[in-house]
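Enquirer: Questions regarding the structure given below will be posed in turn.
The values are calculated or read from the model by the stated rules, or taken from the named source; none is laboratory data. Only a predicted model underlies this, so the values are computations on that prediction, with no experimental measurement involved. Counting neighbours? That spans all protein chains shown, and the Cβs are built from the backbone with ideal geometry, glycine included.
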Amino acid sequence: MVQHNIDIKKLKIPEPIVVITDLSLYYGKTQALKGITLDISQKRVTSFIGPSGCGKSTLIRCLNRLNDLIEGVTIEGNIKIDGQDIYAPAINVTELRKKVGMVFQKPNPFPKTIYENVVYGPRVQGINKKSVLDEICEKALKKAALWDEVKDRLRTSALDLSGGQQQRICIARAIATEPEIILLDEPCSALDPIATAKIEDMLVDLKKDYTVIIVTHNMQQAARISDYTGFFMLGTLVEFNITTEIFTNPREKQTEDYITGRFG
Amino acid sequence: MKKLFKSGNPYIWLTAGTLTVCLLMIGGLVVLIMINGLGVFWPHRIAKMTLSDGAVVLGEIAKSESIPHQKGSYRTKLKIGNRDVYGLDFRWVDNTNIVSCEYPTESLVFERREWGNMYGFLKGLKQGDDIKPIDLKEMTALLGTSHTLFKKIRRIEKKEIGDINYDMEKYRLELKRLTLEQPTERIQKKTEAIRAHIDALEKSYREKEDTLTGLYTSAREKEIVALLADGTEKTMPVLQIIRVYAPNKMGFFAKTGFYFEKLWEFVSGEPREANTEGGIFPAIFGTVMLVLIMSIAVVPLGVLTAVYLKEYASDNIVARFVRISVSNLAGVPSIVFGVFGLGFFIYFIGGGIDKLFFPESLPSPTFGTGGILWASLTLALLTVPVVVVATEEGLSSVPTSIREGAYALGATKFETLWKVVLPQATPGMLTGMILAMARAAGEVAPLMITGVVKLAPSLPLDSHFPFVHLERKFMHLGFHIYDVGFQSPNVEAAIPMVYTTTLVLLFTVLILNLTAILVRNKLRKWYSTTSI
């Protein structure tokens, strides 16, 4: 387990893989993130909570530079992954995105077969050998706890699956590229409790091999699965701490109000 | 009242009513064309009328109507045929003048290769000065042998002599090309070799011509004698006759069989008599080929334009201006595109090609005149806005989440576009293609100045290398309708053909569209199971 006595201002994170320093982001003239500074620990589950529009999704979309696709976004500050500044001009964005996989709020499988969905990433990387792809597909689907459900119909369309299965296909798709970090943007918000429980179990398993960063609206979910939790409000990081600390002993008034359900 | 309007019901009635009016108009159009077009080949009874002035007329009753300004009196329009004898195909008869009207079972329709139908009775086969009486069965047998002979004649005329002419033209052009070069010994030798070829061809041409003359003479020897309504005799060669039938004797099934035989002849045969008789196969072929070449040209052009506009061009004033211009192109009158095709494709590009590649046949143009290629390209320009707009809509319909999913897996913009976005947008593109095809198949005005003709001697696709002859002129159903209905010497007789041809045009467009829709569905399935 993680150490417990921590300074709120400068939380000591063991083995940080992501180091965010004074990050600010603007959509045109509107500031969406205000001077965020935090470290994310390797092979742990870190969750970001906060009311809608607080900037938590925006923050994780900075980690794989998906915000680049939106016009008029400007970024200040610094993000280092594995010690490398990911906004440095020399960085290859597609390489970065292979290293930092992402799963979205709404399941978004491609309108292809289950198999083709899972091996899409490896194919983009130029792997075309069938035996290798088969192996990757099986491994990824097993990690996503989906193999037993779909192994007999890999060649059918992924769109025929249920919402929860589709979301796990998307997770398997992200795993198949062998990333170091997996970003999940409210992955369970469109799913029923049973599908959610399956995905939560799987995420806890995943932290053996990957660093998991999850944005969620569901505080119980954050409490159940994450090691660290960050609470965001209006573009600022209000509090970042070990999950048990935040939920049992919040240092900030706003955090306490939010998790006790007084607003949000 | 206020409550009624508040409930919204009147608006439902209004919108539903408008829809009904539209549906009725479309249905009415199709029904009108079907009624007029489908009945054309049904064999009608032949009426024999004795008039008050003693004249006897024989023919099909075409129409009956009240005489204008004379209440209660009617007149009948008879198709009397025999254009070579009477000069006109139709005759109006006032009903008050008809003394008697009967339908003699022995009356026959003689379908002829020239001068249209003849109505009369069969007297017999001419043998020297005598006439040997024959019945319909013997007549049909006679027609059988004469058809074999006719086919043989046509094969010699079209295929064998056609081939010789084709080769001769080739050698003639080669000879001309050699004279354009520096005279050397090698060229001299070549010239002589070609001259020898031409001589050989000319010899075989003369032989063929002799056979042909022989065949014609022997074919003309067999003549039959027919009796017209007024009792005059008419002698004509059997070769002149295509078909003889007795509609007054035919039962329902015989008529049905006859109907389909004629229908098949119509869609598969070649036109006769200034297009008013025979079939329209070359026009169907020309239309389909035109539309296919047009699609091959328009889809890449439109899709690439749309991809750039939608995916790469930033949304600035220039892009917006281009987009508006593309949409406005759809509103330009089609004849303007025809003029552009004539000036740019035919005179500029075609003329340039002629100068570069076919100098030997100048001053007669090869590509520098209207042809199916230039007509197709003109239509492609005309329909490009349709494809651009549909493709842009198809691209917009691909959700951002799918694109982000691909980006998040480390795909580049191009990979995302090529492997995820474009396959998903294919239905949109193909919808654009289908709309373009429908528009192109019905367009006539620009074709009239870019290569459509009343009668094309050969199809743009045949057995001569290189098989596809894109420079050739072609026939087109839309133009055929206009030509048959309004430009032919015998407009009244051709009106039914107008409706039938219209029906065929509708069917052709329908089939082309259905094929495209099938392809779209197949592609959608294919894309979902491949690695692309």
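Enquirer: Out of the range B:387-425, which residues are farther than 18 Å from A:Lys99 by Cβ and among the acidic types (Asp, Glu)?
Expert: B:Glu392, B:Glu393
Enquirer: Does B:Phe5 meet the test of being free of Cβ contacts under 8 Å to residues at least 12 places away in the same chain and either assigned to a strand (DSSP E or B) or not charged (D, E, K, R) (or both)? Walk me through how you get there before you give the answer.
Expert: Working: free of Cβ contacts under 8 Å to residues at least 12 places away in the same chain: yes; either assigned to a strand (DSSP E or B) or not charged (D, E, K, R) (or both): yes.
When the stated conditions are applied, B:Phe5 passes them.
Enquirer: If I ask for residues that are under 19 Å from B:Thr383 (Cβ atoms) and without any contact (Cβ under 8 Å) to a residue 12 or more places away in the chain, which ones from the range B:344-371 would you list?
Expert: Passing the criteria: only B:Phe344.
One line per residue, one yes/no per condition, for (1) farther than 18 Å from B:Ala408 by Cα; (2) of a type outside the set (Gly, Ala, Ser); (3) touching a Cys at 6+ places or on another chain (Cβ under 8 Å); (4) at pLDDT below 90:
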position: A:Ile17; (1), (2), (3), (4): yes, yes, no, yes
position: A:Ser47; (1), (2), (3), (4): yes, no, no, no
position: A:Gly83; (1), (2), (3), (4): yes, no, no, yes
position: A:Tyr87; (1), (2), (3), (4): no, yes, no, yes
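Enquirer: Here is a further query. Would you check if there is a residue in the range B:147-157 being under 15 Å from B:Ala219 (Cα atoms) and polar (S, T, N, Q)?
Expert: Within the range B:147-157, one or more residues are under 15 Å from B:Ala219 (Cα atoms) and polar (S, T, N, Q).
Enquirer: Okay, next question. Of all the residues that make up the range A:120-143, how many are among the aliphatic types (A, V, I, L, M), more than 10 Å from A:Ile175 (Cα to Cα) and within 13 Å of another protein chain (Cβ to nearest Cβ)? Even if it seems obvious, please write down each step before you answer.
Expert: Within the range A:120-143, the subset among the aliphatic types (A, V, I, L, M) is A:124, A:127, A:132-133, A:136, A:140-141.
Those still in the list that are more than 10 Å from A:Ile175 (Cα to Cα) too: A:124, A:127, A:132-133.
Next, from what is left, pick out any that are within 13 Å of another protein chain (Cβ to nearest Cβ): A:124, A:127, A:133.
Residues in the range A:120-143 being among the aliphatic types (A, V, I, L, M), more than 10 Å from A:Ile175 (Cα to Cα) and within 13 Å of another protein chain (Cβ to nearest Cβ): 3 in total.
Enquirer: Please determine whether any residue of the range B:221-237 is surrounded by 13 or more Cβ atoms within 10 Å (Cβ to Cβ) and hydroxyl-bearing (Ser, Thr, Tyr).
Expert: Scanning the range B:221-237, I find no residue that is surrounded by 13 or more Cβ atoms within 10 Å (Cβ to Cβ) and hydroxyl-bearing (Ser, Thr, Tyr), so the answer is no.
Enquirer: Right, next: Since B:Tyr119 meets every condition but one in (1) of a type outside the set (A, V, I, L, M, F, W, C); (2) buried (at least 16 other Cβ atoms within 10 Å of the Cβ); (3) in a helix (DSSP H, G or I), which condition does it not meet?
Expert: Of everything listed in (1) of a type outside the set (A, V, I, L, M, F, W, C); (2) buried (at least 16 other Cβ atoms within 10 Å of the Cβ); (3) in a helix (DSSP H, G or I), B:Tyr119 misses just condition (3).
Enquirer: Report yes if B:Tyr482 is under 12 Å from the mean Cα position of the chain (by Cα), assigned to a helix (DSSP H, G or I), assigned by TED's automatic domain parsing to the domain that holds B:Ile296 and of a type outside the set (Lys, Arg), otherwise no.
Expert: Details: under 12 Å from the mean Cα position of the chain (by Cα): yes; assigned to a helix (DSSP H, G or I): yes; assigned by TED's automatic domain parsing to the domain that holds B:Ile296: yes; of a type outside the set (Lys, Arg): yes.
In short, yes.
Enquirer: Would you tally the residues in the range A:166-178 being within 10 Å of another protein chain (Cβ to nearest Cβ) and touching a residue at least 60 places away in the same chain (Cβ under 8 Å)?
Expert: Going through the range A:166-178, the residues within 10 Å of another protein chain (Cβ to nearest Cβ) turn out to be A:170, A:173-174, A:176-177.
Cutting the leftovers down to touching a residue at least 60 places away in the same chain (Cβ under 8 Å) gives us A:170, A:173-174, A:177.
Qualifying residue count, the range A:166-178: 4.
Enquirer: Are any residues in the range A:125-165 in contact (Cβ under 8 Å) with a residue 12 or more places away in the chain and over 23 Å from A:Glu200 (Cα atoms), and if so, which ones?
Expert: A:Gln125, A:Leu133, A:Arg153, A:Leu154, A:Arg155, A:Thr156, A:Ser157
Enquirer: Looking only at the range B:411-445, count every residue that is polar (S, T, N, Q) and more than 14 Å from every other protein chain (Cβ to nearest Cβ) and tell me the total.
Expert: Kept after step one, since they are polar (S, T, N, Q), are these residues of the range B:411-445: B:412, B:416, B:424, B:426, B:431.
Going one step further and asking which of them are more than 14 Å from every other protein chain (Cβ to nearest Cβ), we end up with B:431.
Summing the residues that are polar (S, T, N, Q) and more than 14 Å from every other protein chain (Cβ to nearest Cβ) in the range B:411-445 gives 1.
Enquirer: Quickly run through the range A:149-165 and pick out the residues that are among the polar types (S, T, N, Q) and within 13 Å of chain B (Cβ to nearest Cβ). Break it down stepwise before answering.
Expert: Narrowing the range A:149-165 to residues among the polar types (S, T, N, Q): A:156-157, A:162, A:165.
Correct list: A:Thr156, A:Ser157.
Here's the yes/no breakdown for (1) in the same structural domain as B:Glu233 (by TED's automatic domain parsing); (2) among the aliphatic types (A, V, I, L, M); (3) under 28 Å from the mean Cα position of the chain (by Cα):
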| site | (1), (2), (3) |
| --- | --- |
| B:Leu125 | no, yes, no |
| B:Leu143 | yes, yes, no |
| B:His147 | yes, no, yes |
| B:Phe150 | yes, no, yes |
| B:Lys176 | yes, no, no |
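Enquirer: Quick check on this structure: which one of B:Tyr245, B:Tyr312 is of a type in the set (Phe, Trp, Tyr) and under 30 Å from B:Leu142 (Cα atoms)? Break it down into steps so the answer makes sense when it comes.
Expert: Numbers: B:Tyr312 fails: under 30 Å from B:Leu142 (Cα atoms).
Going through B:Tyr245, B:Tyr312 in turn, just one is of a type in the set (Phe, Trp, Tyr) and under 30 Å from B:Leu142 (Cα atoms): B:Tyr245.
Enquirer: Can you tell which of B:Val509, B:Val519, B:Val468, B:Val491 is within 13 Å of the chain's Cα centre (by Cα) and more than 14 Å from chain A (Cβ to nearest Cβ)?
Expert: That would be B:Val509, the only listed residue that is within 13 Å of the chain's Cα centre (by Cα) and more than 14 Å from chain A (Cβ to nearest Cβ).
Enquirer: Next question, about the same structure. Quick one: in the range A:92-119, which of the residues that are out of contact with any strand residue (DSSP E or B) (no Cβ under 6 Å at 6 or more places or on another chain), within 7 Å of chain B (Cβ to nearest Cβ) and in a loop (DSSP other than H, G, I, E, B) is nearest to A:Cys170 (Cα to Cα)?
Expert: Of everything passing the filter in the range A:92-119, A:Asn108 is nearest to A:Cys170 (Cα to Cα).
Enquirer: Of the residues B:Gln182, B:Gln188, which is free of Cβ contacts under 8 Å to residues at least 12 places away in the same chain, out of contact with any Pro (no Cβ under 6 Å at 6 or more places or on another chain) and not in a helix (DSSP H, G or I)? Steps first, answer last, please.
Expert: On the way: B:Gln188 fails: not in a helix (DSSP H, G or I).
So the residue among B:Gln182, B:Gln188 that is free of Cβ contacts under 8 Å to residues at least 12 places away in the same chain, out of contact with any Pro (no Cβ under 6 Å at 6 or more places or on another chain) and not in a helix (DSSP H, G or I) is B:Gln182.
Enquirer: What's the number of the condition A:Ile36 fails, among (1) more than 14 Å from chain B (Cβ to nearest Cβ); (2) assigned to a strand (DSSP E or B); (3) modelled with pLDDT of 90 or more?
Expert: In the conditions (1) more than 14 Å from chain B (Cβ to nearest Cβ); (2) assigned to a strand (DSSP E or B); (3) modelled with pLDDT of 90 or more, A:Ile36 misses (3) alone.
Enquirer: Scan the range B:365-410 for residues that are within 14 Å of chain A (Cβ to nearest Cβ) and of a type in the set (D, E, K, R) and jot them down.
Expert: If we filter the range B:365-410 for residues that are within 14 Å of chain A (Cβ to nearest Cβ), which is where we start, we get B:394, B:397-410.
Across the range B:365-410, the qualifying residues are B:Arg403, B:Glu404.
Enquirer: So which pairs qualify, if the first residue must be in the range A:65-91 and more than 14 Å from chain B (Cβ to nearest Cβ) and of a type in the set (Phe, Trp, Tyr), the second must be exposed (fewer than 13 other Cβ atoms within 10 Å of the Cβ) and in a loop (DSSP other than H, G, I, E, B), the Cβ gap must be under 9 Å, and the two must be at least 6 apart or on different chains?
Expert: none
Enquirer: A further question on this structure: Residues that are crowded, with 23+ Cβ neighbours inside 10 Å and under 20 Å from A:Leu183 (Cβ atoms): does the range A:147-158 have at least one?
Expert: Restricting attention to the range A:147-158, the residues satisfying the condition of being crowded, with 23+ Cβ neighbours inside 10 Å are A:158.
With the extra rule that they be under 20 Å from A:Leu183 (Cβ atoms), the set shrinks to none.
The answer is no; no qualifying residue exists.
Enquirer: Restricting attention to the range B:219-259, report how many residues are part of a helix (DSSP H, G or I) and without any contact (Cβ under 8 Å) to a residue 40 or more places away in the chain.
Expert: Looking only at the range B:219-259, we keep the residues that are part of a helix (DSSP H, G or I), and these are B:219-221, B:238-240, B:252-259.
Checking which are without any contact (Cβ under 8 Å) to a residue 40 or more places away in the chain leaves us with B:220-221, B:252-254, B:256-257.
Total meeting the criteria: 7.
Enquirer: While we're looking at this one, here's another question. Show the residue pairs meeting these rules: Cβ distance below 6 Å; 6+ apart or different chains; first residue within the range B:85-101 and in contact (Cβ under 8 Å) with a residue 60 or more places away in the chain; second residue among the hydrophobic types (A, V, I, L, M, F, W, C).
Expert: Here the result reads B:Asp89/B:Ala493, each pair linking the range B:85-101 to a residue that is among the hydrophobic types (A, V, I, L, M, F, W, C).
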